[in-house]
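Just so you know, all these numbers are worked out from the coordinates, no wet-lab data involved. Given the structure is predicted, the values throughout are model-derived calculations rather than measurements. All Cβ positions, glycine included, derive from the backbone under ideal geometry; neighbour counts span all protein chains shown.
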Amino acid sequence: MLNNKYEEFYSDISKHITTQRIFTDALHTLAYGTDGSFYRLTPRIVIKAIDEKEVQAILALAHTLNLPVTFRAAGTSLSGQAISDSILVVCSFGWRKIELLNEAKQIKLEPGVVGSQANAALKFFGKKIGPDPASINAAQIGGIAANNASGMCCGVDFNSYKTLKDIRVIFNDGTILDTSDDESIEEFRNSKSELILQVKTLVDEIKQNKSLYTKIEKKFSIKNTTGYSLNALIDFDNEIDIIAHLMIGSEGTLGFISSITYNTIEEPKMKASALILFDDIYEACSFVSDLKKEKSLVNAAELMDRASIRSVEDKEGVDPSYKSLHENVASILVECGGGSQEDLELKTSKVKEIAKQFKLVKDTEFLSNPVEYGKLWAIRKGTFPTVGAMRESGTTVIIEDVAFSVKDLAAGVVELQAIFKKYDYTEAIIFGHALEGNVHFVFTQDFSKESEVARYENFMDEVCGLVAIKYNGSLKAEHGTGRNMAPFVEMEWGEDAYKLMCQIKNIFDPHELLNPGVIINKDKKAHLKNLKFMPAFNEIADKCIECGFCEPVCPSKDLTLTPRQRIAVNREIQRRKEHNETYKELEALYKYDGEETCAVDGLCATSCPVGINTGALTKDIRENSNSTLSKSVSKIVSKSYGETLFMVRQGFKVLNFVESLIKPTGMRKIRDVIPAFPYWFDTMPKVASYNKTLEISTFDKNVVYFSSCINRAFGTNKKAKDTRDLNKVVESLLRKSNFNIIYPPKDKSLCCGVPFESKGFKKDADEQLEQLLIELYEASNYGEYPILCDNSPCTYRIVNGLKQMNLKVYEPIDFSLEYLVPNLEIKQSSEPIVLHTTCSSKKMKLDEKFQKLANILSNDVTIPENINCCGFAGDRGFNFPELNKSALKELAPQLKADIQRGFSTSRTCEIGLSHNANKDYSSILYLLDECSYEK
Ligand SMILES: Cc1cc2nc3c(=O)[nH]c(=O)nc-3n(C[C@H](O)[C@H](O)[C@H](O)COP(=O)(O)OP(=O)(O)OC[C@H]3O[C@@H](n4cnc5c(N)ncnc54)[C@H](O)[C@@H]3O)c2cc1C
Ligand code: SF4
Ligand code: SF4
């Protein structure tokens, strides 16, 4: 319920922004209220703003009504700076423009661009952006710049502050400053002369305060994101430069960044890495101190204490000998980069030489094969998530982020370990960017008991005293101050510097409406308030750390909810149940946004650090909500699957006939009267005949061919170039490649169970799969012959259901490369084509193989950017076509006009792709058949 001022805001802002992008309901405010931190605030209003005019209108109105505003990019922040109990402006819809400038020496980015997308655009030029947070696959430029985020390699030299070329900012009153535009600068200087003067006064103040000047210089010689970027006031003379750099690390408290231009940095041509094992953590940190003295010797030096190594020692690819390492061992993972082999070797041997001067557990070995050294980095990257995954249900995982000057690192880390012990954080691990003195410590915390909150409070007080007072270090090196460190900014910086920060806030945001409570907060207990509860509700998702890494790949992210939001809403429903609070409204709202529009593709699990498949959670929810009647219907359909499919095909034939009379538009009108009627795509296929040619064996090689029920029911698009059914294409290919074809005898009644499983009818689905596996086992002569299944999602389910069964089951991509291409004469086509890799193929890690196959068949292959799951989701696309449309909205604009055909490996996905891209998508096997000849 909105109070008067928010009602007024809502009514006025709706004149500028469509209400489809303004939310005040319990579901969306809660969902968007969630970020990666352990704090929770629920905004009154969430607005998905898509351009500067909208942001200006929001700021102007908020100013008039005195209402606070918080900006949000990807919401992966850890310190509570991306949440609000007022107006939350989400700027990740739209805002995705990337512009390469000056031969990629610079890159201009809008705030909604994901960090890794910027790097993907630069890859061809051998360049990347400087900031490299571990969250780069999810974090967006607005947040990366506003947090001054950094990571393993960027240190203090390549962060947003240091690589900033230009910035465009909207200030609290709507004024815009674009530092790349002289006119804008002049206008700003004229209209904001008083502000400029105030900034100048601050510079003068520092110049007259030698000790403050030196303090700023010293504190920014190491990583520091506690408070504002005061270094802007000593590094630059020009006020515009000062203002531009003050915006970096300001966490949305001084203005809105609407675009940023970075100077890009070179990617080293060659790299090598070594995991160096030391006798104890003191030795490891002392080694880094020596390493640091040699400038540019290493790109990164990452510390892992014994507990960190232990947390991942059971993982795949980790050297089994690590298990027997003694209790005090610590490691440093180093990466060297070079422009040439000689350069690289020179650096690696120098590192080895330095390492030898310390107590080592093993000889140092550098690996230069990316696959090999990739395994070492996977160990390092796996540490934080592993603690998250191992924690007890109901607890939160906390990651702290401090920096010491490198000379103090060894002593500081040893003292930190003692504090863990004192407060009984026995599971805590320490790792981090040792080269910069930046260490993270991760531990789990229960915030549901007062005694536990008190333990955390006392622990943090002691840590802050150690880091900020004793060692003069940074309490936040890269994650931003947020609400978490706001009470300690003055403690770290001292009275004079803190006063300066308050003045900065006052200059740019005198009414404290931009992200209040963040960075500057007078409440000394702010870090202990609004803590997030994480009640256990379903073991599939209880380990979720709400990091948001799963969001970019989710097909429903722009339509309804993301995986993280689905989990957060379920947690809140559970919390309300436990506290006897009303939850029915939330549950009802969740039905469409959470449950019905989840494609259950499970792609979210591929980018989740703790491996959560929110699709599996959705299936669980569906299973629990299936009625007795629907369960009975499912059982009947499953038991008489052959007959049901026959009837479906007959019904579909009738519908196709009706379509020929009233056209697809007429068919779509039927939905107005009968909402359960499927959405009729222009690209609705013809019915498949599934005529089999059962020939006598003439070759000495056999293949079992299982055509999925989807391909037995749906034929090609009506206007396809080749209108044969897929099984005819497969027969042609197998015959040309000299294989005998074995169809499983009861194939017409077989199904892998995907349609049942996705709707939550797990038992029926499992019975279907079991029956299919028995048939395939026998047809393949107990596993002797390879089995081809012609639809990727079905293959994925079969492969995962094999357990101990020794069957060689392939989907079209792998099968083509292994059995068809080597036995065929291929004539590469010059037809431009577009590919769509299905989620199942992605989960089976077939992306690269698909590209390889496509490149064999055509010399002009387009793989569109940022298209993950198509959102068709089996038959769901017929009922929720808006999910498919939303997931594919960036597809058509990327396709050249001369592309007529697209290829994939899942028939239902192809229907939606054809419709949304306005190209004819079919199985890649059609192209292979077209381009291949008998040898
Ligand atoms: C598992 C995990 C690992 C992480 N690892 C790292 C790491 O290695 N290094 C690191 O530095 N951080 C790390 N982080 C923290 C976080 O991911 C980064 O700081 C990231 O840059 C935040 O970006 P975001 O898009 O999520 O921003 P958000 O969290 O949405 O916002 C961050 C801040 O920027 C403000 N903001 C957003 N957009 C704008 C805008 N357009 N204009 C003005 N202000 C804006 C917000 O108000 C907020 O204060 C990690 C987080 C997680 C969950
Ligand atoms: S599901 Fe996984 S990736 Fe998504 S928010 Fe939770 S932990 Fe992070
Ligand atoms: S299964 Fe797919 S749609 Fe559902 S939450 Fe995961 S990525 Fe999103």
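Things to note:
- Of the GluC sites (Glu not before Pro) found in segment 367-413, those that fall in a DSSP loop while having at most 15 other beta-carbon atoms within 10 Å are Glu392.
- Neighbour cut-off at most 15 other Cβ (10 Å), DSSP loop, trypsin sites (Lys or Arg not before Pro), segment 218-297: Lys269, Lys295
- For the chain, the equivalent ellipsoid built from the Cα gyration tensor has semi-axes of 50, 33, 27 Å, listed from largest to smallest.
- Protection proxy ranking for 171-177, 615-621, using the average of other Cβ atoms within 10 Å per residue and placing the highest first: 615-621, 171-177.
- Förster radius 25 Å - calculated FRET efficiency between Lys663 and Lys889 (Cβ-Cβ, nearest 0.05): 0.50
- The Cα atoms of segment 433-577 define a convex hull whose projected area, averaged across directions, is 12.1 nm².
- Rh (Kirkwood; distinct C-alpha pairs) - segment 180-331, Å: 20.0 Å
- With contacts taken as Cα pairs under 8 Å and at least 6 residues apart, segment 453-599 reaches a relative contact order of 18 percent.
- Its residues counted as N, segment 544-595 yields a C-alpha radius of gyration over 2.2 N^0.38 Å of 1.19.
- Protection-proxy order for peptides 329-340, 344-355, each taking the mean of Cβ atoms within 10 Å per residue, highest first: 329-340, 344-355
- Calculated from backbone phi, Karplus (6.51, -1.76, 1.60) coupling profile of segment 448-455 in Hz, x at Gly/Pro: 8, 10, 4, 4, 6, 5, 5, 4
- Counting all C-alpha pairs of segment 730-808, share separated by more than 13 Å (%): 69 percent
- Summary value for segment 1-48: 39 percent relative contact order, contacts being C-alpha pairs under 8 angstrom separated by 6+ residues.
- As a ratio to 2.2 N^0.38 Å, the alpha-carbon radius of gyration computed for segment 853-935 takes the value 1.14.
- Given their separation in residues at 0.36 nm each and the Cα-Cα distance between them, Lys701 and Lys525 gain 56.0 nm when the chain is fully extended.
- Debye intensity ratio I(q)/I(0), log10, segment 762-895, q values 0.20 Å⁻¹ (C-alpha model): -1.22
- Convex hull volume per residue for segment 586-656, taking Cα atoms only, in Å³: 160 Å³
- For a straight C-alpha distance cut-off of 21 angstrom, the lysines reachable from Lys631 (same-chain residues fewer than eight places away being disregarded) are Lys591, Lys619, Lys639, Lys759, Lys762, Lys763.
- Cβ crowding within 10 Å averaged over residues, with 200-210, 125-135 ranked highest first: 125-135, 200-210
- Virtual spin-label span in nm between Phe646 and Lys845, 7 Å along Cα→Cβ: 4.4 nm
- Angle between the chain longest axis and helix 614-625 axis [Cα atoms, degrees, rounded to 10]: 60 degrees
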